[in-house]
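Have a look at the structure below before the remarks.
What follows is calculated from the coordinates using simple rules that are stated; it is not laboratory data. These numbers come from a predicted model, not from an experiment. So basically every Cβ, Gly included, is an ideal-geometry build from the backbone, and we count neighbours across all protein chains shown.
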C-alpha cells in the first residue's frame, strides 16, 4: 500500500497523534463517555490546564471532538475511529512488550507511531523502519506492525485534516 503523504504532513500527523494530552483526552472520552467542560480538570488531573486547553482546542480544530449540549465534550466519528486506532497501536505494543513490558498506554502509542512514522511518506517502503535505538523486532511483530500501519494509513486517508498544519485554512 502506498501513500501520498508528504514528509511534512507525516511529521505533523505523527506529532499531533502522539500528543500525550490528546491521547488521554480521546481515550478518556472513548472509555467513559462525554465529559462536561467543567469536569475536564477533575477527569484528567494528570494534565495541566494548559495541556487540557491545548488538547481540547486541537481535537476540536481537527474534528475529533465536539461539544454536545447537556452532555459536554464527546467524540465525533473520526474521534471514535482514532480511539480504535489508539487501541490497536497499544495492543500491538503490549503484545510485543514495547517499548517495555510495563509502561503507560500513551507511551506505547507514542512508541508505535515513532516506529511507523518513517514509512508513511511517499516513496518509502511499505514496511515500517525500526527506530535507530530500538531493539530488533521479530518477523511476527513486523508482520503485525504492517497490519497496524495499514490501519493508520487508512485513518489518515479518511482524515486528511490531521495532516494539515492549520486545519480550516486554504493552503
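Compute the acute angle (0 to 90°) between the alpha-carbon long axis of helix 77-95 and the principal axis of greatest extent of the alpha-carbon atoms of the chain; round to the nearest 10°. Result, in degrees: 50. Taking all Cα pairs closer than 8 Å and separated by 6 or more residues, the relative contact order of the chain comes to 30 percent.
Between helix 20-32 and the chain there is an angle of about 70 degrees, using the helix long axis and the longest principal axis of the Cα atoms. For residue 11 and residue 87, the FRET efficiency from 1/(1 + (r/R0)^6), where r spans their Cβ atoms and R0 equals 22 Å, is about 0.40. Contact order, relative form, for region 25-103: 32 percent (alpha carbon pairs under 8 Å, 6 or more residues apart, mean separation divided by residue count). Pairing the Cα long axis of helix 7-17 with the longest principal axis of the chain, what angle in degrees results, from 0 to 90 and rounded to the nearest 10? The answer is roughly 50 degrees.
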